[in-house]
Amino acid sequence: MSRFDDAIRRFDDANAEDPILERVDGEERPKELVYGERMSERLARFAPDAPEAVKLAARAQHIRRWEIPRAEYAEGRAGYLKWRTDLHKRHADIAEDILRDVGYGDDTVERVRTLLRKRGLKTDPDVQLLEDVICLVFLEHYFHPFAQKHDEEKLISIVQKTWTKMTVRGHDAALQLDYAPEDLSVIQKALQSA
């Protein structure tokens, strides 16, 4: 087994411990394990020649996320931003331990840490690539259930914020996704009023 395959297996093993389950094709599966697989699948379709560090970061994007619940942070934007910052650091730390354990050196480890911590969004092409994939996975798999819980005004704001994070190529891919009619309507309103 290559060190890349070993790292992916170790990321998956870590995420397979997620106690939060998601129903996929009639089967209950660990939520963050499913998320990691979706990230890798979307990256493979969107950028099959992505650098190895991006492929590693995509799979480790939410590694053991359930260990830092949002509910443990203050309500509002400040609490949300602190939670996100702590998550990014935690994901990077866990990924680093696994990568070093399977034989990766400092260059790859630091690159994956940079990617997971979103350092250089809009200026670093690899960080931007990862962000495009994150946004595409959200729109494809998580926007519809999210939309069921929120009013249209909030959804429009979320779509506009998501769109701002993406490249033109990401926008093109997002517009090719198969949305529920009510979700597509919200997305179209968000883009028209942006």
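The values are calculated or read from the model by the stated rules, or taken from the named source; none is laboratory data. These figures come from a predicted structure and were not determined experimentally. Methodologically, a virtual Cβ is constructed for each residue, glycine included, from the backbone with ideal geometry; neighbour enumeration extends over all protein chains shown.
Here Val159 meets the list (1) among the aliphatic types (A, V, I, L, M); (2) under 15 Å from the mean Cα position of the chain (by Cα); (3) not assigned by TED's automatic domain parsing to the domain that holds Ala44 almost entirely, failing just condition (2). Selection over the stretch 1-54 of residues that are acidic (Asp, Glu) and at pLDDT below 95 gives a count of 1. Could you tell me whether the stretch 22-45 includes any residue that is under 17 Å from the mean Cα position of the chain (by Cα), of a type in the set (A, V, I, L, M) and farther than 23 Å from Asp132 by Cα? The answer is no, given that none of the residues of the stretch 22-45 is under 17 Å from the mean Cα position of the chain (by Cα), of a type in the set (A, V, I, L, M) and farther than 23 Å from Asp132 by Cα.
For the stretch 1-17, a residue qualifies if it is exposed (fewer than 12 other Cβ atoms within 10 Å of the Cβ) and closer than 17 Å to Trp66 by Cβ, and exactly one does: Asp13. Do you know which residues across the stretch 112-129 are assigned to a loop (DSSP other than H, G, I, E, B), closer than 19 Å to Trp163 by Cα and not acidic (Asp, Glu)? Answer for the stretch 112-129, where residues must be assigned to a loop (DSSP other than H, G, I, E, B), closer than 19 Å to Trp163 by Cα and not acidic (Asp, Glu): Lys118, Arg119, Gly120, Leu121, Lys122, Thr123. Using the structure shown, decide if Phe146 is modelled with pLDDT under 95 and aromatic (Phe, Trp, Tyr). Judged against the criteria, Phe146 is a match.
Quick grid of which residues meet (1) closer than 20 Å to Glu32 by Cβ; (2) under 16 Å from the mean Cα position of the chain (by Cα):
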site	(1), (2)
Asp93	yes, no
Asp97	yes, no
Gly103	no, no
Glu110	no, no
Arg117	yes, yes
Thr123	no, no
Asp126	no, yes
Glu131	yes, yes
Leu139	yes, yes
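When Ile134, Ile20, Ile98, Ile94 are checked against the criterion of being of a type in the set (A, V, I, L, M), touching a residue at least 12 places away in the same chain (Cβ under 8 Å), closer than 28 Å to Ala173 by Cβ and surrounded by 12 or more Cβ atoms within 10 Å (Cβ to Cβ), a single residue qualifies: Ile134.
As for the stretch 140-150, it holds no residue that is buried (at least 20 other Cβ atoms within 10 Å of the Cβ), touching a residue at least 60 places away in the same chain (Cβ under 8 Å) and under 23 Å from Glu22 (Cα atoms). Would it be correct to say that Phe146 is in a helix (DSSP H, G or I) and either assigned by TED's automatic domain parsing to the domain that holds Ala92 or touching a Ser or Thr at 6+ places or on another chain (Cβ under 9 Å) (or both)? Spelling it out, it is not the case that Phe146 is in a helix (DSSP H, G or I) and either assigned by TED's automatic domain parsing to the domain that holds Ala92 or touching a Ser or Thr at 6+ places or on another chain (Cβ under 9 Å) (or both).
Taking only the stretch 8-17 into account, find how many residues are under 17 Å from the mean Cα position of the chain (by Cα) and touching a residue at least 40 places away in the same chain (Cβ under 8 Å). Residues meeting the conditions: 5.
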